[in-house]
Amino acid sequence: MRWTDELDTALRRATQAVEAGARLIEWRIDALAEEPDALAAIKALVRRCPAPCIVTCRVCGEGGDYGGTESHRAEIFEALVRGDHPPRYIDIELAAYQRDTRLRRTISAALKDGERARDTHTSLILSVHDFDRRPADLLQRIEAMTNEPACSVIKVAWQARSLRDNLEALDLLAQRAKPMIALCMGRFGLMSRVLAPKFGGLLTYATDRPTETTAPGQPTIDELQNVYRFQRIGPPTKVYGVIGWPVEHSLGPSIHNAGFEAVEHAGAYLPMAIPPQYEHFKATVGAMLDHQHLGFRGASVTSPHKEHLLRFVADRGGRIDPLAERIGAANTLVVNDEGFIECFNTDAPAAQEALCAGMGIERSALAGLRVAVLGAGGVARAIVADLSHDGAEVTVFNRTQDRAEALANEFNGREAASGRRTKVVAAKADAIAGDRFDVFINCTPMGMAGGPAPDESPLPDDVPLDENVTVFDTVYTPQRTPLIHQAEAHGARTISGLDMFLRQAAMQFEHWTGRDAPTEAFAAALKNQ
Ligand code: NAP
């Protein structure tokens, strides 16, 4: 392909990016800069760009591909800055700028001349990148950029090792002495990218193609605009999220941010990955709560942290809702404006409502139902605790028999709502076909897209299913799982995990905002997935 064709393609992508909401285009000329006729091509990119632009020629070692000489790079930048159509910004690494006197002199003289000569001139971004960790001398480097007269914008980007790195990036923005970009890279870094405007950050980077990010963890323009509502984020924005490990595929950000938009709630809901151990949970959630300006107001808490949430709220002297206490796990953290914390379990009431609505019965009719629960993890626990309390006779089946027995023993013989004793037993997984149940509830990830057994049903073929039986699959991706197909083939009544998911999310939304959840907005957001 000739470079003029490539130029047209690049400009078309820039135009699409601007149409999608980008206000500034970054041209990464790392590879182009070493081609013959590079300067003419780069000038054309800048001149024809549909928005103001940053020109970056990133060297190998700071995440780029440029392997040419500093003098060639300086010549290109000088020609751009002194040209008829100067870019809005050029970006040069602080290390190179400090090291190379000729580069520094050439660029600072060109910038000064440009500033004198015209109203629209180029400004210099000096930048620091570390793809492993927070640089030990980060603050000294920021000071060096602050003290460099030619530097108009300070940029720092480093690989976050935990969510807590974001808090430092956001603090740096808040304390900036010059316009600043402070970003964390990698799976933990999204918070710094999305919340930058809340703390006065100059800009954030997004890609037009998920496969072509210029740094790890960069969101797409579409995600930034349409999921995280970047244009709405500012100082009053309150922060929410989904805490788990992993959380990257959660539907929470799509539906809760759509809900905030629908009721005009100034909130941003983000994925918050926290490694499995309680110490990580405690340190990270504690740091977010203690941060004076973050405005952390709540979270959905998912596997493996539901029991940690209960312990954490107890440790910090918060309030545990009685239902969460009874279940021994919570999935919702609520933080009020004074910083007081509470936790709730919305899985259990959501599952119960979904079951009653699907069967067309009142809650009181759960008493005496024979329910088979498949799985003994967090969701099984909430459902076993709640249905047995309402008088259902529950049998737990699990791959690991010991866990099924432990769960049954924990909830059997407690005082039920009626004043009688709860009935919960465990049975061997291969005995499931030998008994008759009114309801089967899948609480394993079997049948879940991307899970350990996406094509398998948790129920063997010989389990008796007919129109008198209800099959409830808590798995919600996909909506029609192998279990749902199996149940339909036998004429059984089916309930999708999506129903439970939407109900538990609606209850969380109501705890955080005090408003009825806009369920239509939730459903529309899911459709767009
Ligand atoms: P969890 O605590 O990790 O428990 C998973 C359970 O599934 C364990 O009992 C485990 O058995 C069993 N299991 C895992 N892989 C299995 C396999 N390949 N074959 C058979 N059994 C297997 O998870 P959780 O938080 O309870 O979540 C379970 C599922 O519920 C999730 O996959 C999700 O789809 C669904 N869910 C739905 C909603 C909703 O709102 N609809 C909310 C949360 C979760 P062992 O004890 O032998 O390890």
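Bear in mind that the values in this text are calculations on the coordinates, not laboratory data. Note that the coordinates shown come from a computational prediction; the quantities given were computed from them, not determined experimentally.
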> Taking the DSSP beta bridges in segment 348-495 as the whole, what percent of them are antiparallel, to the nearest 5?
Replying inline: 5 percent
> Amide H neighbours of Met448 under 5 Å, counting only residues 5+ apart in sequence or on other chains, H built in-plane at 1.01 Å?
Replying inline: Ala453
> Which of the residue pairs Lys112/Lys155; Lys238/Lys282; Lys155/Lys238; Lys43/Lys112; Lys155/Lys282; Lys178/Lys282 have a Cα-Cα distance greater than 23 Å in the structure shown?
Replying inline: Lys155/Lys238; Lys155/Lys282; Lys178/Lys282
> How high is the relative contact order of the chain, given as a whole-number percent (alpha carbon pairs under 8 Å, six or more residues apart)?
Replying inline: 8 percent
>> I'm a student and want to see the number: the projected area of the Cα convex hull of segment 400-482, averaged over all directions, in nm².
In response: 6.7 nm²
> When DSSP assigns beta bridges and you keep just the ones with both residues in segment 3-227, what percent turn out antiparallel, to the nearest 5?
Replying inline: 0 percent
> Which angle between 0 and 90 degrees, to the nearest 10, do you get for helix 378-389 versus the longest principal axis of the chain when only C-alpha atoms count?
Replying inline: 30 degrees
>> Check which residues have an amide H placed less than 5 Å from Asp473's amide H, if you skip close sequence neighbours.
In response: Asn442, Ile495, Gly497
> Angle between the Cα long axis of helix 70-82 and the longest principal axis of the chain, 0 to 90 degrees, nearest 10?
Replying inline: 80 degrees
> Could you work out Rg/(2.2 N^0.38 Å) for segment 246-339, with Rg from alpha carbons only?
Replying inline: 1.09
> Quick one: of the DSSP bridges fully inside the chain, what percent are antiparallel, nearest 5?
Replying inline: 10 percent
> For the chain, what is the largest minus smallest coordinate of the Cα atoms on each principal axis, given in angstrom and ordered from greatest to least?
Replying inline: 87, 53, 39
> Based on DSSP H runs of at least 4 residues, each adding -39500 (n - 2.57), what is the mean residue ellipticity at 222 nm of the chain after dividing by all its residues, to the nearest 500 deg cm²/dmol?
Replying inline: -11500 deg cm²/dmol
>> What three numbers, in Å, describe the spread of the alpha carbons of segment 207-284 along their principal axes, ordered from the longest?
In response: 35, 33, 23
>> I need the shape label for segment 3-227. Rule: rounded when a/c is under 1.5, else prolate if a/b > b/c, else oblate, with a, b, c from the alpha carbon gyration tensor.
In response: oblate
> Relative to the longest principal Cα axis of the chain, at what angle does helix 401-411 sit, 0 to 90 degrees, rounded to 10?
Replying inline: 70 degrees
> Where the centroid of each part is defined by its Cα atoms, how far is segment 146-165 from segment 385-412 in Å?
Replying inline: 52 Å
